[in-house]
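Below is one structure, written out as structure tokens; the observations come after it.
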Amino acid sequence: MKWIVAAAGLLLAAAPLVLASESVRYADGPPPGFTGDFGEPTCGTCHMDADVVPDAPELAVHGVPAHYEPGKTYRLVVSATSEGIAAAGFQLASRTARDRQAGTLRATDGRARVTTDSATGVEFASHTAQGTALVGGDSARWALEWTAPSTPADSVVFSAVVNAANGDDSNFGDRILTRRYVTIRRATP
């Protein structure tokens, strides 16, 4: 019986180390599919006690056009400002209303990267380890390019999530901000 108590004690002692290693493990971006949209979870899956703030005013995706032109490239900037933020990460996807890839995403510097979910074919832009650093004060920012689909969908949904982290390299005390933008194709004359 003593060995069971000792084993349980070791597991409890190791739990904070395992949780902290999860946070560090995704410093170079989360796996695809954590935007919180289309039935996906958010960063709150690993950041367990995080407040998830839907339609967060602190999160913005600048450059999403109200109407897009097929094949045109748009500069997007994902930004977040949050009191007490010490580091941040993000994920963004551009999909049709039927959860299919819409256009292409491209990182424009070393602060972001783009990966493709092998099961769905959906591209996800996310932070790199370099991109977790703030750009000033309590602000985080990442730049991307989105090329609209050449065969236009009726609408494109941009799903964004930001982990406004407190910087303690643990899975606790962070805020998860989510936002959704919809753009429709420009009517042809």
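Quick look at the values:
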quantity	calculated
Subset tally (residues that are assigned to a strand (DSSP E or B), at pLDDT below 95 and hydroxyl-bearing (Ser, Thr, Tyr)) for region 118-151	0
Enumeration of residues in region 87-117 that are without any contact (Cβ under 8 Å) to a residue 40 or more places away in the chain, closer than 19 Å to residue 59 by Cα and part of a strand (DSSP E or B)	107, 112
Residue among 104, 108 that is surrounded by 14 or more Cβ atoms within 10 Å (Cβ to Cβ) and of a type in the set (Val, Ile, Thr)	104
Of the criteria (1) touching a helix residue (DSSP H, G or I) at 6+ places or on another chain (Cβ under 7 Å); (2) open to solvent by less than 70 Å² (accessible area, probe 1.4 Å), which one residue 52 fails	(2)
Residue in region 158-180 that is closer than 23 Å to residue 96 by Cβ, part of a loop (DSSP other than H, G, I, E, B) and at pLDDT 90 or above present	no
Region 154-178 residues that are under 11 Å from residue 34 (Cα atoms), paired with ones that are in a strand (DSSP E or B) and among the aromatic types (Phe, Trp, Tyr) (beta carbon under 7 Å, 6 or more apart)	160/90; 161/90; 162/90
Residue that is under 24 Å from residue 128 (Cβ atoms), modelled with pLDDT of 70 or more and out of contact with any strand residue (DSSP E or B) (no Cβ under 7 Å at 6 or more places or on another chain), where the choices are 83, 58, 69, 40	40
Checking residue 98 against (1) within 27 Å of residue 118 (Cβ to Cβ); (2) buried (at least 16 other Cβ atoms within 10 Å of the Cβ); (3) among the charged types (D, E, K, R), the condition it does not meet	(2)
Selection status of residue 130, in contact (Cβ under 8 Å) with a residue 12 or more places away in the chain and farther than 19 Å from residue 29 by Cα	no
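The values are calculated or read from the model by the stated rules, or taken from the named source; none is laboratory data. Values in this document were obtained by computation on a predicted structure and should not be read as measured data. A quick note on method: Cβ atoms are made from the backbone with ideal geometry, for glycine too, and the neighbour counts reach across all protein chains shown. Accessible surface is based on the protein model in full, side chains and every heavy atom, while ligands, DNA and RNA are left aside. Shrake-Rupley method; radii C 1.70, N 1.55, O 1.52, S 1.80 Å.
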